[in-house]
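J.: Have a look at this one.
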Amino acid sequence: MQRVLAVGKVFERRKSSWAILGVALLAGVLLAYLPLGAAIDRAISPARFQVFPRVASGKIVIVEMDAQSAGVIKRWPWSRANYAAVVDNLRRAGAASIAFDVDFSSASDAVGDGAFAAALARADGLVILPTFGQSANSADQRTIDSLPIPLLRPHVALASVSIMPDRDGQVRSMPFGTITDGIPRPSLSAYIAQRSGTAYDGFPIDMSIDPATIPRLSFVDVRDGRFDPARVRGRSILIGATAVEMGDRYGTPLWGVIPGVFVQALAAETLLRGVPVEEATLLPLLLAFAAALLIVRTKGFTILLGVLGAQLILTVAVLVGQYGLLFVYPLAPALGMIALVGLTCGIREIAERFRLHRTVDEATGLPNARSLIAQTHQTVSCTVVVTQFNNYDSLLAVLGVRLTADVVVRLAERLALVALDARVCRTADRHLAFLLPHDGAAEDTLDGLRMILLQPVEVAGRRVDVAVTLGLAAGGVDTVERLLANAALAAEGALQGDSFWRRSVNDDGTLERSVSLMGELDAALAADQIEVFYQPKYNLRERRITSSEALVRWRHPEQGFIGPDIFIHLAEKTNRIAPLTLHVLRQVVRDLADWRLQHGSLTAAVNISAKLLSDVAFNSAVESILSGADVPATALIFEVTESATMSNPASAIAALKRYRDLGVAVSMDDYGTGQSTLTYLKQLPLSELKIDRSFVQHAHVNRADGVLVRSTIQLAHDLGLKVVAEGVEELACLQFLETCGCDLIQGYFISRPLPVTQFVGVLDQPFHTAA
C-alpha cells in the first residue's frame with residue numbers, strides 16, 4: 001500500500017505540474033493579446049529603461065526657447081527676425097542641420113518674416129521646418145494640415161513633428177513619418193537620423209537615454225552670438241520651446257513631463273543608434289515556458305530562487321535583445337507566466353508541507369492519525385489494528401520523552417514487518433495503528449505479531465520490556481475514525497480481559513450510552529457548579545450599559561469549564577433543559593434585585609429553549625419564580641431563537657403571549673438565520689428583535705450586510721420593536737449601527753461574557769466608545 005501511495009503522489013504531482021504549466025501558458029497568451037498585458041508592460045517600462053541607463057550621443061544639440069530667452073525678448077509671438085539671427089549664427093558656426101519644432105503656419109510681422117525667409121535662403125537646404133496635423137476644433141475632429149507659410153518653404157525641408165501619445169497620455173513611440181498636404185513626410189527624428197520608414201509606422205523611443213545629457217544652448221545666447229561654435233559644429237540642431245509658459249509638454253514613462261523638443265531629440269537619438277523593432281511575444285514566452293518547466297520540478301526554497309533566477313535571466317535576455325540587437329519584446333506575458341508558475345508552485349509546496357506537518361507525529365516522525373485516514377482512500381473496506389502501550393507512563397517516567405519516542409519507533413519498525421506494506425502510524429501517545437485488508441486474514445497476522453512484540457526493545461544500550469495489547473475493528477472506510485476509536489477500545493478491553501488482542505464489538509449506540517455527562521448535570525445544579533455569566537448590552541441612545549444577556553457555564557470539578565455548545569444540546573436531548581433554565585432564571589432574578597438597587601432600570605435576558613415554549617410545568621415554575629421575586633417581570637427579557645419560534649407557530653405564539661401577560665419582554669434571537677416572514681413578525685408578541693452576528697459583524701464594510709441590517713432596523717422600528725445587534729467587535733461597526741438608529745449593541749467590543757462580580761464592576765465604570 002505504501003508503494004501505491006508513493007506512486008499516487010508522484011502521479012498527482014506530475015498532473016498538478018502540467019496543470020500549472022497549462023494555466024500559466026494560457027495566462028501568458030491572454031496577457032499577450034489582452035489590454036491588461038499592454039497595461040502591465042506600460043507600468044514596468046520605466047524599470048526596463050532604468051536597467052541600462054545611457055547618455056546622449058552628443059550629436060544632437062537643443063537650442064532652448066527657455067524662460068531666459070522669453071524674459072529678454074518679452075513679446076510673444078517672437079518676431080521671426082530672432083529666428084533669422086539664430087539660423088545665420090548656427091550656419092556660420094558649421095551646424096550640420098537646423099531643425100525647428102516651432103509653428104510657422106501663420107504669418108507674423110512682415111519685416112520679421114522677410115528676414116527669416118532671407119536667412120533660410122542663405123542656409124539653402126540646411127534648415128528643416130515643421131509640418132503637422134491638428135483637429136479643426138473641439139467639436140470638429142477633422143484633421144487640418146499645418147505647413148509653414150509659403151514665404152518660408154523655399155530652400156527648406158519639411159518634416160513632421162506630430163507626437164502620438166498612448167491611451168494613458170504618455171509618449172513611448174514616434175512615427176517614421178506622417179502625411180500632410182497629401183505628401184508623405186519623414187518625422188523630425190527620422191530626418192535627422194537619416195532613417196526611412198513607412199508613414200504612421202512607429203518605433204519605440206529609447207527612454208533609457210537621460211534627457212539631461214543632451215547638450216543645450218539658450219536661444220537668446222545663440223541669437224546674440226554668445227556661444228562656442230565648437231559646440232554646434234557638425235551637429236544636428238533642434239530648436240524648440242522648453243519654457244513652461246509656452247506649453248508643448250508631454251508625459252513619458254521614466255522622465256515624467258518633458259518638453260516636446262526633448263521627446264523629438266530622444267527619438268532622434270534612438271534612431272542614430274539603429275532602428276529598434278517591436279517583436280511579438282513568442283520568444284519571451286518560449287523562454288518563460290522553459291524556465292517554468294524547471295520551476296515546477298523544484299521544491300522548497302529553491303522555488304523562490306528558481307523564480308527569481310528565471311525572471312532575471314529572462315529580463316537580461318530580453319534587454320540584451322533590446323539594447324544589443326534592437327529587438328524590443330513585451331515582457332508582461334513572460335514575466336506574468338513565470339510569476340504565476342512560481343506562485344502556484346509555492347502554494348503547492350506550502351500546502352504539501354502543511355499536509356505533511358499535519359500527517360506526521362512530531363516526537364517520532366511517524367505518520368499520525370490523519371495519515372492513517374488518508375490511506376483508506378485506496379480501498380473500500382479495511383481492518384484497523386491498534387497497538388496499545390500498556391506501560392507507556394512507566395516508560396516515560398523512566399526513560400524520558402526522547403528515549404520513549406525511540407521505543408515507539410522501534411516497535412513501529414517491528415509492526416511494519418507484518419503490516420503487509422501498510423504504514424504504521426502513531427495515532428495517540430500510547431497507540432500505534434495500521435490497516436489490513438478486509439479479507440479475514442487478520443488473526444493470522446496478529447498471531448505472528450505476538451512473538452515479535454514480546455521481545456525486549458533495545459534503546460541507548462538498555463533492554464526495555466514493552467507491554468502491549470492489540471485491538472481490531474473492521475468496516476467501511478467511511479467510518480474510519482469510528483473504527484480507530486473502536487479498535488482503541490478493543491485494545492483496552494484486551495488489557496482488562498488479560499488477552500493479547502481483541503476484536504471490537506462496540507457500535508455507535510453503545511458508545512453514546514457510555515457518555516455519562518448528563519448524569520452529572522443534576523448534581524452540578526445542586527452543587528452550584530452551573531454559573532451564570534453576563535454579557536453587557538450597550539444602549540446607543542443613552543450611551544451606557546442598560547441590559548445584559550445571561551449565559552450559562554459549567555465549572556466541572558474534573559473537566560474544568562464545559563462550554564454551553566457541548567451540554568446545552570445534550571440537556572435538550574435528555575429533557576434536562578427545563579431545570580437548567582429555571583436554575584439560570586432564579587440566579588438572574590437574584591442578581592437583578594441586587595443590581596437595580598444601584599443601577600435603576602437594568603434588565604437581563606434569559607434564553608428559552610424551543611422545547612419549553614409549550615411546557616405547562618415550565619410556565620408554572622416561571623410564574624412562581626416571578627411572583628416571589630424582588631424585581632418586576634418587566635426587568636426580564638426572554639430570548640427565543642427565530643428557528644425555534646417558527647417550528648410550531650401556534651404553540652409558540654400562545655406561550656409568548658403568556659410571557660408578555662406576565663410583563664416579560666420577548667426578544668427574537670438570531671433574527672435573519674431562520675425562516676421568518678413578515679406575517680410572523682406581525683403576529684408574534686415581540687418587544688425586541690436581535691439581529692444575528694453573521695449580518696452585523698461586517699455590516700460596516702460589506703454593502704449587502706449593511707443594507708440588510710439598516711432595512712431590518714427600520715422595519716423593526718416601524719413595528720414598534722427595539723433592535724439589538726450582536727457581534728459588534730470594533731468601533732467602526734458601532735458607529736455604523738449608531739447611524740442606522742440601532743437601539744442596543746452587544747459583542748466583544750463592549751465586553752466578553754463576564755462572571756457576576758466582574759459584570760458589576762463594568763456597571764460601575766463609565767464606558768467610552770472613542771477610538
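J.: Looking at the structure I just gave you, is C740 within 24 Å of the chain's Cα centre (by Cα) and within 22 Å of R544 (Cβ to Cβ)?
T.: no
J.: For segment 523-531, indicate whether the set of residues that are open to solvent by less than 40 Å² (accessible area, probe 1.4 Å), modelled with pLDDT of 85 or more and of a type in the set (A, V, I, L, M, F, W, C) is non-empty.
T.: Scanning segment 523-531, I find at least one residue that is open to solvent by less than 40 Å² (accessible area, probe 1.4 Å), modelled with pLDDT of 85 or more and of a type in the set (A, V, I, L, M, F, W, C), so the answer is yes.
J.: Suppose we keep only residues that are modelled with pLDDT of 85 or more and polar (S, T, N, Q) within segment 750-771. Which one would you say is least open to solvent (accessible area, probe 1.4 Å)?
T.: Once the filter is applied, the top-ranked residue is S751.
Residue-by-condition table, conditions (1) within 50 Å of the chain's Cα centre (by Cα); (2) in a loop (DSSP other than H, G, I, E, B); (3) of a type in the set (D, E, K, R):
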site	(1), (2), (3)
L25	yes, no, no
R42	yes, no, yes
R48	yes, no, yes
S57	yes, yes, no
A70	no, no, no
A85	no, no, no
D103	no, yes, yes
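J.: In segment 120-127, is there at least one residue being closer than 29 Å to G94 by Cβ, assigned to a loop (DSSP other than H, G, I, E, B) and in contact (Cβ under 8 Å) with a residue 60 or more places away in the chain?
T.: no
J.: Can you pull out every residue in segment 729-771 that is without any contact (Cβ under 8 Å) to a residue 40 or more places away in the chain and among the hydrophobic types (A, V, I, L, M, F, W, C)?
T.: Residues satisfying the conditions are A732, C733, F736, C740, F749, A770.
J.: Another question, if that's okay. What pairs can you find where one residue is in segment 478-499 and of a type in the set (D, E, K, R), the other is part of a helix (DSSP H, G or I) and open to solvent by less than 40 Å² (accessible area, probe 1.4 Å), and their Cβ atoms are less than 9 Å apart, with a gap of 6+ or different chains?
T.: D478/T376; E481/A369; R482/L511
J.: Give all pairs with beta carbons closer than 7 Å in which a residue from segment 542-559 that is farther than 11 Å from I530 by Cα and without any contact (Cβ under 8 Å) to a residue 60 or more places away in the chain meets a residue that is crowded, with 19+ Cβ neighbours inside 10 Å and aromatic (F, W, Y); count only pairs at least 6 apart in sequence or on separate chains.
T.: Final answer for the pair search is A550/Y534.
J.: Now for a different question. Exactly one of these conditions fails for S146: (1) closer than 30 Å to A93 by Cα; (2) open to solvent by less than 30 Å² (accessible area, probe 1.4 Å); (3) small (G, A, S). Give me its number.
T.: Here S146 meets the rest and fails (1).
J.: Do you know which of the residues in segment 181-199 that are in a loop (DSSP other than H, G, I, E, B) and within 22 Å of S105 (Cα to Cα) is most open to solvent (accessible area, probe 1.4 Å)?
T.: Residue satisfying both the conditions and the ranking: D181.
J.: Another question, then. Could you tell me which numbered condition V622 fails, if it satisfies all but one of (1) open to solvent by less than 10 Å² (accessible area, probe 1.4 Å); (2) touching a strand residue (DSSP E or B) at 6+ places or on another chain (Cβ under 7 Å); (3) at pLDDT 85 or above?
T.: (2)
J.: Scan segment 30-56 for residues that are farther than 14 Å from P330 by Cβ, touching a helix residue (DSSP H, G or I) at 6+ places or on another chain (Cβ under 7 Å) and either surrounded by 16 or more Cβ atoms within 10 Å (Cβ to Cβ) or acidic (D, E) (or both) and jot them down.
T.: A56, the sole residue that qualifies.
J.: Quick one: is A159 buried (at least 20 other Cβ atoms within 10 Å of the Cβ) and in contact with an Asp or Glu (Cβ under 7 Å, 6 or more places away or on another chain)?
T.: no
J.: Listed residues V360, V318; which is out of contact with any His (no Cβ under 9 Å at 6 or more places or on another chain) and at pLDDT 80 or above? Explain how you work it out, then say what you get.
T.: Values: V318 fails: at pLDDT 80 or above.
One residue alone meets the criteria, V360.
J.: Continuing with this model, one more query. Residues in segment 234-249: is at least one in contact with a Gly (Cβ under 7 Å, 6 or more places away or on another chain), modelled with pLDDT under 75 and more than 24 Å from V171 (Cβ to Cβ)?
T.: The answer is no, given that none of the residues of segment 234-249 is in contact with a Gly (Cβ under 7 Å, 6 or more places away or on another chain), modelled with pLDDT under 75 and more than 24 Å from V171 (Cβ to Cβ).
J.: Could I ask something else about it? Counting only residues that are β-branched (V, I, T) and either open to solvent by 30 Å² or more (accessible area, probe 1.4 Å) or under 37 Å from the mean Cα position of the chain (by Cα) (or both), which one in segment 533-589 is modelled with the highest pLDDT?
T.: By that ranking, first place goes to I568.
Residue by residue, here is whether (1) on the phi < 0 side of the Ramachandran plot; (2) open to solvent by 10 Å² or more (accessible area, probe 1.4 Å) holds:
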site: G234; (1), (2): no, yes
site: M246; (1), (2): yes, yes
site: V263; (1), (2): yes, no
site: A268; (1), (2): yes, no
site: R273; (1), (2): yes, yes
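J.: Here's another thing I want to ask about it. Between a first residue in segment 235-258 that is within 15 Å of A212 (Cβ to Cβ) and a second residue that is open to solvent by less than 20 Å² (accessible area, probe 1.4 Å) and part of a loop (DSSP other than H, G, I, E, B), which pairs have beta carbons less than 7 Å apart while being 6 or more apart in sequence or on different chains?
T.: T252/V171; T252/M207; L254/M207; W255/M207
J.: Restricting the first residue to segment 13-34 and requiring it to be on the phi < 0 side of the Ramachandran plot, which pairs with a second residue that is surrounded by 12 or more Cβ atoms within 10 Å (Cβ to Cβ) and basic (K, R) meet a Cβ separation below 8 Å and a spacing of at least six or different chains?
T.: Every condition considered, the pairs that remain are S16/R348; S17/R297; I20/R348.
J.: Something else now. Among the residues of segment 699-728, write down those that are free of Cβ contacts under 8 Å to residues at least 24 places away in the same chain and either of a type in the set (G, A, S) or part of a loop (DSSP other than H, G, I, E, B) (or both).
T.: N702, A704, S711, G720
J.: Tell me, which residue of segment 707-730 that is within 15 Å of G672 (Cα to Cα) and surrounded by 20 or more Cβ atoms within 10 Å (Cβ to Cβ) is farthest from the chain's Cα centre (by Cα)?
T.: Checking each candidate, the answer is A716.
J.: Right, something else. Say whether the condition of being open to solvent by 40 Å² or more (accessible area, probe 1.4 Å) and within 22 Å of I192 (Cβ to Cβ) is met by at least one residue in segment 68-79.
T.: no
The values are calculated or read from the model by the stated rules, or taken from the named source; none is laboratory data. If you're wondering where the values come from, they're calculated on a predicted model, not measured in any experiment. Note: ideal-geometry Cβ built from the backbone for every residue, glycine included; neighbour counts use all protein chains shown. Heads up: the accessible areas ignore ligands, DNA and RNA and are worked out on the full protein's heavy atoms, side chains in. Shrake-Rupley method; radii C 1.70, N 1.55, O 1.52, S 1.80 Å.
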